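Values quoted throughout were computed directly from the atomic coordinates according to the rules given, and no laboratory measurement underlies them. Given the structure is predicted, the values throughout are model-derived calculations rather than measurements. Cβ placement follows ideal geometry from the backbone for every residue including glycine, while neighbour counts extend to all protein chains displayed.
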Amino acid sequence: MGLVISITAAQAGWRVQGDTLEQGMMFLSGAEAEHAACQLAQRYADAGQATEIEVFLRDGTLAGRYVSVPDLDGLDSSPLLDSPALPD
């Protein structure tokens, strides 16, 4: 998997943290945190990076996992390596 974004409970709300977020983000509601995490994951997918969002309950239990992947239709379909012809 590519990048990971996690949503966890904080003392005064919910925290969104990720591989590319130094400080993280704080939200008063879980819905706001989830929305922000999904928007961030979509931006990463638009840039070609797969992202996993992990949502944790207040007791630390993993509640759910979302995966955001890049749009493969927009990628170049040419082979990555030239393969030699196979012998007959």
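Please list, by residue number, every one of the GluC sites (Glu not before Pro) in region 1-43 that is coil in DSSP and has at most 12 other beta-carbon atoms within 10 Å. The partial results should precede the final answer.
Details: sites: 22, 32, 34; in loops: 22.
The qualifying sites are 22.
What's the whole-number percent of alpha carbon pairs in region 1-49 lying beyond 17 angstrom?
Numbers: 342 of 1176 pairs.
For region 1-49, the share of Cα pairs beyond 17 Å comes to 29 percent.
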